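A.B. asks: Sharing a structure here in structure tokens format.
The values are calculated or read from the model by the stated rules, or taken from the named source; none is laboratory data. Keep in mind the model is a prediction, meaning the values are calculated, not measured. Using ideal geometry, Cβ is built from the backbone for each residue, glycine included, and neighbour counts are taken over all protein chains shown.
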Amino acid sequence: MVVVKSVNELKKQVGRLRDEHKSIGFVPTMGALHQGHLQLVSRCVAENDACVVSLFINPTQFNDKNDFNRYPRTLENDIALLASVGCAIVFAPSAEEMYTPSEMETVFDFDFGGLDEVMEGIFRPGHFNGVVQVVSKLFSLVTPDKAYFGEKDFQQLAIIRRMVQVMIFPIEIVGCPIVREKSGLALSSRNALLSEQERTTAAVIYRTLSESKQLMHEKTVAETKAWVIDRLNAIDGLKVEYYEIVNGNSLQSITDWSDADYVVGCVTVYCGKVRLIDNINYK
């Protein structure tokens, strides 16, 4: 496995793979790797001749500087984990390597087609501009055949699919199922910020979402939303930021279970000071 920190060296390594006519898979991450990431990487390794993984905490997608500063940083451990699962190239650049000063100060402009106007887009203004900015840069550098993303970041995955379509990247986007702890808590780098008691409390999030699926045949969409929000807010240490039941393709809220064939419930909850997201398929 090769670890590179410069754009020029990355281009050189990718060029070598292309000269050898090897297929390239790519997993973009912000580090602090967990088993969810490693499942993405393992699938990437299995489905491509070479797997490239980026480790870059992207400053332009954080609307809260404190959130950026608190994000876990575990570079040495991340590199060791990637070596253990067959990654070929690790790209771990600095912000200065990725962006010019003007890029750092200017909001990246992109037509989201309305996908950024709901859920995370409301509560994290500018977040998805930063996501598209960094992923489009990484796609241009790595030129992968396939790129792998977790379905936990459901809205992000929808936006990446649109980005590929709008910017005409010849890349297959592969969505991978959420990986959970035995308790049901969705694996997240932010889980490292939770105390043991908070991890136990946070497990209630998925348990509540799962129980809400049983309500579809007896409650309306609005009643189900209210039930989930009230149930979670009643737990000491949890505070719901939003819960939306949406068309899984458009991300627009539905008012009736018959409004869409693909229905997903998306939630963001604060457990103490840690912001956690999760989702569940209703149908």
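A.B. asks: Within segment 257-283, track down each residue that is in a strand (DSSP E or B) and under 17 Å from residue 190 (Cα atoms). Spell out how you get there, then give the answer.
C.D. replies: If we filter segment 257-283 for residues that are in a strand (DSSP E or B), which is where we start, we get 263-271, 274-281.
Within segment 257-283, 267, 268, 269, 270, 271, 274, 275, 276, 277, 278, 279 qualify.
A.B. asks: State which residue is farthest from residue 50 (Cα to Cα) when the search covers only segment 144-163 and only residues that are more than 11 Å from the chain's Cα centre (by Cα) and touching a residue at least 24 places away in the same chain (Cβ under 8 Å).
C.D. replies: Quick first cut of segment 144-163, residues more than 11 Å from the chain's Cα centre (by Cα) only: 144-147, 161-163.
Those left that are additionally touching a residue at least 24 places away in the same chain (Cβ under 8 Å): 144-147, 162-163.
Working: 144: 10, 145: 10, 146: 11, 147: 12, 162: 25, 163: 24 Å.
Restricting to residues being more than 11 Å from the chain's Cα centre (by Cα) and touching a residue at least 24 places away in the same chain (Cβ under 8 Å), the top hit is 162.
This table checks each residue for (1) surrounded by fewer than 19 Cβ atoms within 10 Å (Cβ to Cβ); (2) modelled with pLDDT under 95; (3) acidic (Asp, Glu).
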residue	(1), (2), (3)
2	yes, no, no
5	yes, no, no
11	yes, no, no
16	yes, no, no
25	no, no, no
48	no, no, no
60	no, no, no
72	yes, yes, no
84	yes, no, no
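A.B. asks: Name the residue, out of 110, 128, 123, that is modelled with pLDDT under 95 and under 30 Å from residue 265 (Cβ atoms). Walk me through it before giving the result.
C.D. replies: Working: 110 fails: modelled with pLDDT under 95; 128 fails: modelled with pLDDT under 95.
One residue alone meets the criteria, 123.
A.B. asks: Anything in segment 79-132 that is within 17 Å of residue 31 (Cα to Cα) and within 17 Å of the chain's Cα centre (by Cα)? List them, or say none.
C.D. replies: Result: 130, 131.
A.B. asks: Whether any residue in segment 64-72 is out of contact with any strand residue (DSSP E or B) (no Cβ under 6 Å at 6 or more places or on another chain), part of a loop (DSSP other than H, G, I, E, B), more than 22 Å from residue 132 (Cβ to Cβ) and touching a residue at least 60 places away in the same chain (Cβ under 8 Å) is what I want to check. Please lay out each step first, then the result.
C.D. replies: As a first pass, look at segment 64-72 and keep what is out of contact with any strand residue (DSSP E or B) (no Cβ under 6 Å at 6 or more places or on another chain): 64-72.
Now drop any that are not part of a loop (DSSP other than H, G, I, E, B), which leaves 64, 71-72.
Applying the additional criterion that residues be more than 22 Å from residue 132 (Cβ to Cβ) yields 72.
Among the residues that remain, those that are also touching a residue at least 60 places away in the same chain (Cβ under 8 Å) are: 72.
Taking every residue of segment 64-72 in turn, at least one turns out to be out of contact with any strand residue (DSSP E or B) (no Cβ under 6 Å at 6 or more places or on another chain), part of a loop (DSSP other than H, G, I, E, B), more than 22 Å from residue 132 (Cβ to Cβ) and touching a residue at least 60 places away in the same chain (Cβ under 8 Å).
A.B. asks: Something else now. Among the residues of segment 123-163, how many are under 22 Å from residue 103 (Cα atoms) and hydrophobic (A, V, I, L, M, F, W, C)?
C.D. replies: 12
A.B. asks: I need every pair where a residue in segment 94-111 that is under 15 Å from residue 138 (Cα atoms) has its Cβ under 8 Å from the Cβ of a residue that is modelled with pLDDT under 95, sequence separation at least 6 or different chains.
C.D. replies: What qualifies is 95/104.
A.B. asks: Please verify whether segment 115-125 includes one or more residues that are assigned by TED's automatic domain parsing to the domain that holds residue 271, in contact with a helix residue (DSSP H, G or I) (Cβ under 8 Å, 6 or more places away or on another chain) and crowded, with 18+ Cβ neighbours inside 10 Å. Working first, answer last.
C.D. replies: Taking segment 115-125 and keeping what is assigned by TED's automatic domain parsing to the domain that holds residue 271, we get none.
No: segment 115-125 contains no residue that is assigned by TED's automatic domain parsing to the domain that holds residue 271, in contact with a helix residue (DSSP H, G or I) (Cβ under 8 Å, 6 or more places away or on another chain) and crowded, with 18+ Cβ neighbours inside 10 Å.
A.B. asks: If you go through segment 153-172 one residue at a time, do you hit one that is under 18 Å from residue 40 (Cα atoms), assigned to a strand (DSSP E or B) and either aliphatic (A, V, I, L, M) or out of contact with any Ser or Thr (no Cβ under 6 Å at 6 or more places or on another chain) (or both)?
C.D. replies: Yes: one or more hits.
A.B. asks: Got a sec? Which of 89, 79 is at pLDDT 95 or above, β-branched (Val, Ile, Thr) and over 20 Å from residue 145 (Cβ atoms)? Can you show your working first?
C.D. replies: Values: 89 fails: over 20 Å from residue 145 (Cβ atoms).
Criteria check complete, one pass: 79.
A.B. asks: Right, something else. For residue 250, work out the one condition from (1) of a type in the set (Ser, Thr, Tyr); (2) farther than 17 Å from residue 186 by Cβ; (3) in contact with a strand residue (DSSP E or B) (Cβ under 7 Å, 6 or more places away or on another chain) it doesn't fulfil.
C.D. replies: Against the list (1) of a type in the set (Ser, Thr, Tyr); (2) farther than 17 Å from residue 186 by Cβ; (3) in contact with a strand residue (DSSP E or B) (Cβ under 7 Å, 6 or more places away or on another chain), residue 250 comes up short only on (3).
A.B. asks: Next up: In segment 86-95, what residues are in a loop (DSSP other than H, G, I, E, B) and surrounded by 13 or more Cβ atoms within 10 Å (Cβ to Cβ)?
C.D. replies: First pass over segment 86-95, keeping only residues in a loop (DSSP other than H, G, I, E, B): 86-88, 92-94.
Within segment 86-95, 86, 87, 88, 92, 93 qualify.
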